[in-house]
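Every number here is computed from the coordinates shown, using simple stated rules; none is lab data. These numbers were taken from a predicted model, which means no experiment stands behind them. Glycine gets a Cβ as well: all are built from the backbone with ideal geometry, and neighbour counts include every protein chain shown.
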Amino acid sequence: MSNVLSNEKRGMRELGAEKKVGWDEVTHGVVLHSFEDDATDVAMRKAEDRNYSEFNSYTATVASWRVVKPVYNRDICIDCQNCWVWCPDSSIISRDKQILGIDYDHCKGCGVCVEVCPTNPKSLLMFGEAISSDDAIAQWPVKEKKEK
Amino acid sequence: MAEKIDLQEIEVWDGNYAAAQALRQAQIDVVAAYPITPSTPIVEGYASFMADGYIDGEFVMVESEHAAMSGCVGAAAAGGRVATATSSQGFALMVEVLYQASGMRLPIVLNVANRALAAPLNVRGDHSDMYLGRDSGWVQMDAFNAQEVYDMNLCAFRIGEHPDVRLPVMVHQDGFLTSHTAQNVRPLSDDDAYKFIGVFQPVEEMLDFSRPVTHGAQTEEDWHFEHKARQHKALMDARPVIESVFAEFEKVSGRKYKRVESYMTEDAEVIIVALGSTVESARLAAQQLRDEEGIKAGVVGPRVIRPFPFDAIRDALENCKAIGAMDRSCPGGALGMLFNEVSAAVYATAKRPLVTNYIYGLGGRDLSIVDIKAIFRELKANADAGKITTQIQQFVGLRGPKLGFFETREGK
């Protein structure tokens, strides 16, 4: 499972680091192909098994401007998949209905995943970019008691 | 399978119906359109042909011209043969999307029944809308009569869809003067017309699910310049393609077209350069002046406005003495487009003929044969004097005091 999170294709370059070519070599009409090969069955393949092209953002880091990040706490999560459904950038990684973590090469830090998390306390919380995940989990709040 | 129509050898069509028939024969897959005078009967004609079973296609009714051209861009990116029509304010509302269509290299055909731009509101013909599109990266073809509207439409698909071009094409005709004037038109048969245009060959189409593709990507300072340069090169290189399509069209129709149409220019001392139906009026005036007054008058009409025929215009004009560049669009604080572009072309010749600018016909104001003869006589006076004897820019056919700008400098 760990190879899903540390997939070598994902986020391998900074956006804009593509090989620069002259005007006579640029694509016709700024057309960009997502995959290097026939993609007829691409929906049946997992992201890490797809042959994404250089110009697909899957292979690029597009999150450099994020200032706060969601941190995921496995111990509390009930794998309801709400965050996976709602994430606008497909940055929640889930396999076989189990949340594995966050794709920080594409997450912009919008916080929607935290907002929709139903657990108590939440299984996702926003922290400053500089805080490590271990430190964040050490500071995790406790369960809030219901008011009577 | 679409039904065919047995056309007569000679049909009586106005410019709009001639365009609609050409769209039917081209078997357009999608027309996304919004009606506006005087172009409405073109898309109305397509819709009727489709409803009656003469076209296998889709007519998309939209809420504005911006949406009409956007629908055309989407359908063309999806991989269809696409066309629409508009005029004036509708054209102005399309402008943003015109640049998208050319930048995305989508061979859409847009029929423009040329009409004045408001304010003041006016439905009659002038070339304000045509001029508004001249930097949009489209091929712009100009038809002087209904026959040419039909012919240019058939050629437009061939030119725009050519693998070396892949750019959208406008076919211009004068609103009302051409669009609503019934004339004799000799069409090709349905089979011959479709054979000439050919089956549409999609490129990078979005409906090819084996090869998902992004159209309309963003490019900043690191890529934009290269893409625009490539697009400009394709438009400039459309010139030989246009000539080869015209040559093929002559084989099937017997009608010969050139990027610049010249009439009695071989020995002409004075030449009028004009667009649209004015070219035909000027030809008549030139012939009469030759017969009646011995003035060696000629006429040049650019058939293709973009890519601008800098080379062919220069060839047509370099041996005359005085040129009148006729602009049917209010130039908004400058000299007219034809004046500027014709002057630039003849400046690169040894003899450098004298060029003056006439602004005429705004909002559908008629320009008579008498008016055109008077212009030729002024050009003749310039040719004889060896210098410009009038103001460089003059308004003709205008009520009130004479309006003109700029004098020539003495000593040429």
### Task
Among what's in the stretch B:220-249 and is of a type in the set (A, V, I, L, M) and closer than 17 Å to B:Gly137 by Cβ, pick the residue that is farthest from the other protein chains (Cβ to nearest Cβ).
B:Ile242
### Query
Within the stretch A:73-96, which residues are within 12 Å of the chain's Cα centre (by Cα) and assigned to a strand (DSSP E or B)?
A:Ile92, A:Ile93, A:Ser94
### Message
For the stretch A:132-147, which positions are without any contact (Cβ under 8 Å) to a residue 40 or more places away in the chain and surrounded by 14 or more Cβ atoms within 10 Å (Cβ to Cβ)?
### Response
none
### Query
Does the stretch B:114-135 include one or more residues that are in contact with a Phe, Trp or Tyr (Cβ under 8 Å, 6 or more places away or on another chain), of a type in the set (Asp, Glu), away from every other protein chain (no Cβ under 14 Å) and assigned to a helix (DSSP H, G or I)?
yes
### Task
Check off (1) surrounded by fewer than 14 Cβ atoms within 10 Å (Cβ to Cβ); (2) aromatic (Phe, Trp, Tyr); (3) within 10 Å of another protein chain (Cβ to nearest Cβ) for A:Trp65 and give me the number that stays unchecked.
(3)
### Task
Exactly one condition in (1) under 20 Å from B:Val169 (Cβ atoms); (2) surrounded by fewer than 18 Cβ atoms within 10 Å (Cβ to Cβ); (3) hydroxyl-bearing (Ser, Thr, Tyr); (4) more than 14 Å from chain A (Cβ to nearest Cβ) is not met by B:Ser87; state its number.
(2)
### Task
Hand me the list of strands (runs of 3 or more DSSP E) wholly inside the stretch B:270-330 holding 1 or more residues that are of a type in the set (A, V, I, L, M, F, W, C) and out of contact with any Asp or Glu (no Cβ under 9 Å at 6 or more places or on another chain).
B:270-273, B:322-327
#### Entry: Among (1) surrounded by 14 or more Cβ atoms within 10 Å (Cβ to Cβ); (2) in a loop (DSSP other than H, G, I, E, B); (3) facing chain A (nearest Cβ under 10 Å), the one test that B:Tyr257 misses
(3)
### Query
Which one is farthest from A:Ala63 (Cα to Cα), of the residues in the stretch A:1-34 that are within 13 Å of chain B (Cβ to nearest Cβ) and under 19 Å from the mean Cα position of the chain (by Cα)?
A:Ser34
#### Entry: Subset of the stretch B:197-227 [surrounded by fewer than 16 Cβ atoms within 10 Å (Cβ to Cβ) and in a helix (DSSP H, G or I)]
B:His224, B:Phe225
## Note on the structure
Counting only residues that are loosely packed, with under 12 Cβ neighbours inside 10 Å and touching a residue at least 24 places away in the same chain (Cβ under 8 Å), the stretch B:369-405 contains a total of 1
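With respect to B:Arg166, determine if the residue is in contact with a Lys or Arg (Cβ under 8 Å, 6 or more places away or on another chain) and either buried (at least 24 other Cβ atoms within 10 Å of the Cβ) or within 25 Å of B:Val273 (Cα to Cα) (or both).
In short, no.
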### Positions within the stretch A:42-56 being without any contact (Cβ under 8 Å) to a residue 12 or more places away in the chain and at the interface with chain B (Cβ under 9 Å from one of its Cβ atoms), in sequence order
A:Val42
### Message
Criterion first (in a strand (DSSP E or B) and more than 14 Å from chain B (Cβ to nearest Cβ)) does A:Ile99 satisfy it?
### Response
yes
